[in-house]
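The values are calculated or read from the model by the stated rules, or taken from the named source; none is laboratory data. None of these values were measured; they are calculated from a predicted model. Cβ: placed from backbone, ideal geometry, glycine included. Neighbour counts: every protein chain shown.
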Amino acid sequence: MNKIVPDPPVNTSEAEELLKDREATQRALDYYLNPADPSAAKPRRPSTMFQIAPNVDTESLLAHATESLASASVMISDFANNLSGPQRNTALGIQQIIMQAELAVNRALDNVDPA
């Protein structure tokens, strides 16, 4: 198949600018995403501002989580009562997720200390 119109002439200054942009973009991505020395990347250290004592037993942790989830469920329920429409539906959806988490934690607590 023969082309009726030939390729447009290549503007070398635009091509050079595009090449420089691509190289700069690649350098920026490599700098942030692929450091040259992987050992130079600092490991993530979680904040120690709020910390749970390492000697707390699992049963106590689960009991506290259950109480926190129950409190969150009550708070979001009260909040949902003051809303209407899609915002209320969103709040009630959050409450349902909290209740499911509470059920899972209660089951874990039962597994740790069966009645």
The number of residues in the stretch 45-65 that are more than 14 Å from Asp113 (Cα to Cα) and in contact with a helix residue (DSSP H, G or I) (Cβ under 9 Å, 6 or more places away or on another chain) is 3
Taking the stretch 62-90 on its own, how many of its residues are within 17 Å of Leu103 (Cβ to Cβ) and without any contact (Cβ under 8 Å) to a residue 40 or more places away in the chain?
-> 11
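Yes or no: Thr66 under 24 Å from the mean Cα position of the chain (by Cα), part of a helix (DSSP H, G or I) and either modelled with pLDDT of 85 or more or hydrophobic (A, V, I, L, M, F, W, C) (or both)?
When the stated conditions are applied, Thr66 passes them.
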